[in-house]
Amino acid sequence: MEIPPRSDLKACAGGPKAQRGLAAVPGTGMSPAASTPLGTLAILATAALLAVCAGLLGARAVRAQTQGSGCVVAAQAGEYLKPAGAVLNRVDRAEVLAEHARRPVVLLGERHDSAEDHRWQLHTIAQLHALQPRIALGFEMFPRRLQPVLDRWVRGELGEADFLRQSEWDKVWGYASAPYLALFHYARMNRIPMLALNVDRGVVSAVAQKGAAALSDAERQGVGLPAPPSEAYRQSLRKVFNAHPPTTGTTQPAAASEAAQRTATNGTVGATRSGRDAGFERFVAAQTFWDRAMAEGIASFRGSNPSALVIGVMGSGHVRFGHGVAHQLGALGITQTGLLHTLEGSSDCGDVLAGSADAVYVVEKTLPEN
């Protein structure tokens, strides 16, 4: 897998058009264009362009390197890549941002425990906000019943400690709050609406045990029945389901709903094949319900604010390939959802399959703290 030079480097490599008009005027040592003040400026601009081109042409192409039975993409931090088949194309940052600022919804996938991912989310939100001032930020971290707390925070009525306490951060999410606080403060400083997209973990667990259709509207916290998942999503969820044994607890509340789903659906380690198959179906139902809940939160805001861009902050599993939240948004009539997530500078090739996102942003590999 190789990242070829950007297509706009052809002009740099070709050179004739860029260098046109630089031939010296006999007896003067100057080109015809340079014989006028405007021409001199043109010469300086062209020289600057050629210098940039030289730097770009000298950039080392990123290649996939064999490592054991797999491969590793050794990419440079700070660039956007677009997966396309077996090739990774460099994409200009300004192009990515301009395109996504025109979308109705953009989903920013994260690894919950990655500080680099949250820094990228903050920078991306700020850059999109500069291009589209009418935005809202939707968060997987908060169940919808806590929306009034988010509203008070954005209005400046709560301090940081009170916000974390009243939003039940340690209970409903549990990951360190510090990497997220910059996102919350950005929303507050700019009076950007924050949307609580999730539902309580107990609701997702109940769906895993009984199925969404068996629950009342109140028991589902108002969430409708999800659209059927694609076969590709089912295959992806099958890998997750098979890779995680049943568990009775977890250290991270954010993972508790998924863990509870597996506990409720897997049964015991020695469960029969038929039992595990039935458990897998309930697991799929719970996961798609989770996606649906967040999609409905986004769609509800868009319904009242059709000109706004909603930026969703959520786990990359809900974002990749458009299988999760984007699929449910499509069923609700919202198409062209933007998909962005990160890629560590040295990652497995499977992380950048074609279609996993509109573009992936390369971040530095997180180093362990001493």
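The values are calculated or read from the model by the stated rules, or taken from the named source; none is laboratory data. Computed from a predicted model, the values in this text were never measured in an experiment. Heads up, the Cβs are rebuilt from the backbone with ideal geometry, glycines too, and the neighbour counts pull from every protein chain shown.
Worth a mention:
- Test for A331: is it in the same structural domain as A101 (by TED's automatic domain parsing), more than 28 Å from Q127 (Cα to Cα) and modelled with pLDDT of 95 or more: yes
- A354, sole failed condition from (1) touching a Pro at 6+ places or on another chain (Cβ under 9 Å); (2) at pLDDT 95 or above: (2)
- Selection count, the range 200-221, where residues are in contact (Cβ under 8 Å) with a residue 12 or more places away in the chain, outside any loop (DSSP other than H, G, I, E, B) and either of a type in the set (A, V, I, L, M, F, W, C) or closer than 17 Å to E281 by Cα (or both): 9
- For the range 175-211, the set of residues classified as small (G, A, S) and surrounded by fewer than 18 Cβ atoms within 10 Å (Cβ to Cβ) consists of A176, S177, A178, A182, G202, G211, listed by residue number.
- Pairs where the first residue, in the range 142-156, is at positive phi and the second is basic (K, R) and in a helix (DSSP H, G or I), C-beta under 7 Å, 6+ apart: G156/R188
- Every residue from the range 159-184 that is among the charged types (D, E, K, R) and in a loop (DSSP other than H, G, I, E, B): E168
- Cβ-Cβ contacts under 6 Å between residues 6 or more apart (or on different chains), taken from a first residue in the range 283-295 that is farther than 16 Å from L215 by Cα and in the same structural domain as A243 (by TED's automatic domain parsing) to a second residue that is assigned to a helix (DSSP H, G or I) and of a type in the set (S, T, N, Q), are listed as D291/Q328; A295/Q328.
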